[in-house]
Amino acid sequence: MKGLERASVSYTAMVKIFTFLATLWLAGCSSFENAILKNEQQICHVSETIGNTTSDWVFLPEHEVSFEHELDLYELLDLAFIHSPETKTAWAQAALASAQKTKVDSAFYPHAAISLNTARVEQLGAPEPNGKHLTTPLSNVIYPQVEINYSLFKFGAHRQSSQAALAALKAANFQFNQSLQDVAYRVELAYFSLDSAIAIVKANGQNLEDAKVALDAAQNRYQSGLANRQDLLKAQAAHSAAAFDLENSRSAVESARAHLAIAIGIRVNEKLRIVMSDAKVVPDVDELEHLIKKSLEMRQDMLAKRELLVAKQHGLEAKKYDQYPELVTGLKASRKKIQDTPGMYNNFEAYVGLRWDIFDGHLKMAERLMAHEELEISRQQLKAKALTVAGEVWECFYALKSAVQKLNSAQNSERCAWEAFNYSQEAYANGLCSFTDLLTSQNALSVARKQLVCAKNDLSVSWVRLIYCTGRILKK
């Protein structure tokens, strides 16, 4: 009966142990799910756009995104946020930082482990009067063990590490936001590059039509005997040069289309067509110093640098506290069964202890020195970034002012060149000017048209650059 009672007690104890472990395991699973949910909440700045596309996405050579209509700039930006590998990478990095925060915070919770051990032992007893030891024969031992450890106090080292991980998570979130701005900036530049290339094609098409008009006029005068063959050859050469420029500009359109597809993150195809932009009056910008101040406050990469500096500061504090002793507590429970021995041996141990690495080969000292230098590096990087941002805003501000003046000059030049060409055309038809004068006015009009296209593109690009440098998003 006593053997049965011991077996019953042993079975009850084992059930309690495994029930406790199962509870811990379920709590861990619940904590994991909560951590994932918290992670999604922490980094869901654009979750509706990016979060719905986090499934495995394989870019196959035959993968194409086709469109049934021309896309404006804002539709292109939506596509880029969905398909760009950079946004997906930044999303994963933010999720990684959130998981790292959860990993660091695990130091605030007890750690439980279970093990099942087997051994072959020989026990040595106390010495007898004759000096010999009574030994037991070799026997097999099987025993499960449960161990729980918990760090009670470590002078704030865990808290500082948690704060450092939190700052790193914030920095990853800001970097994610910055990646959206970077992608948007590249798409905007590629869009205006394609827009400019299409406008150049249209301008070259008009130049070809003007060259055809001049050629027809030269042929008419040559057939009527009012012009020599040299004028006709000049007209034919000008017409061929205009046709060459037109074909060359068409090739540039396809190159710009490819760059736009790359910026979006999709495979380039001929169905990727855009709505042409309209040159509008540039909104009034703030004063330069105010723009610089707002840029230092709003730029996501600046905020990320600040949070990284905070993370390094907390990391250094954590390394300082890590050199002090740690107060720990724990619980061990095991049951041991020895071969050919009746009954089970229970072992329970609860302890509170002080753990202190008094010598570790200068490991902690080296880690403190590394953390100190990393903090200084981060501080200098933040300073350099602030100087760079201020310089970029300064440059973009004056580039925008210059682009506005260049657009006005290009518009006046194109208008005057058009009037001069019309006058030269009529004058040549009436014999009041030479064909050289007509050809000169035609070339001037061709140059003026291309200058106007370039001026419009410079204005759009300058405005986009200023918005990007100030940490804002282009709005409708």
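Every read-out reported here was derived from the displayed coordinates using simple, explicitly stated rules and does not represent laboratory data. The structure presented is a predicted model; accordingly, all values stated were derived computationally and were not measured. Note that each Cβ is placed from the backbone with ideal geometry, even for glycine, and that neighbours are counted across all protein chains shown.
With a Förster radius of 30 Å, plug the Cβ-Cβ distance of A107 and A350 into 1/(1 + (r/R0)^6) and report the FRET value to the nearest 0.05.
Efficiency computed from Cβ-Cβ geometry: 0.90.
Anything over 25 Å Cα to Cα? Flag those among K202/K456; K154/K364; K294/K450; K202/K406; K202/K401; K170/K383, in the order listed.
As for pairs spanning more than 25 Å Cα to Cα, those are K294/K450; K202/K401.
Along the Cα-to-C-beta direction of A243, a point sits 7 Å from the Cα; which residues of the range 197-220 have their amide N less than 20 Å from that point?
Taking a point 7 Å out along Cα→Cβ of A243, the residues of the range 197-220 whose backbone N falls under 20 Å are 201-220.
Given contacts defined as C-alpha pairs under 8 Å and at least six residues apart, what's the relative contact order of the range 208-332, whole-number percent?
Once normalised by length, the contact order is 14 percent.
Multiply the residue gap between L363 and E270 by 0.36 nm, knock off their C-alpha separation, and tell me the result in nm, one decimal place.
That works out to 27.4 nm of additional length.
Expected output is a single nm value to one decimal: the length gained when fully extending between R229 and V213, i.e. 0.36 nm times separation in residues minus the C-alpha distance. What is it?
4.1 nm
Arranged from highest to lowest average of other beta-carbon atoms within 10 Å per residue, in what order do the peptides 257-268, 151-162 appear?
Answer by packing, highest mean first, reads 257-268, 151-162.
Between Y74 and H290, what length in nm is gained on full extension when 0.36 nm per residue of separation is reduced by their alpha carbon distance?
Taking 0.36 nm per residue and subtracting the Cα distance, the gain is 75.0 nm.
Ranking request for peptides 207-219, 445-457: highest mean number of other beta-carbon atoms within 10 Å first, then the rest in descending order.
Put in order of decreasing packing, that is 445-457, 207-219.
Given an 8 Å cut-off on Cα distances and at least 6 residues of separation, report the relative contact order of the range 352-448 as a percent.
21 percent
Rank the residues S115, S402, S413 as a footprinting-exposure proxy: fewest other Cβ atoms within 10 Å of their Cβ go first.
Ranking S115, S402, S413 by Cβ neighbours within 10 Å, fewest first, gives S115, S402, S413.
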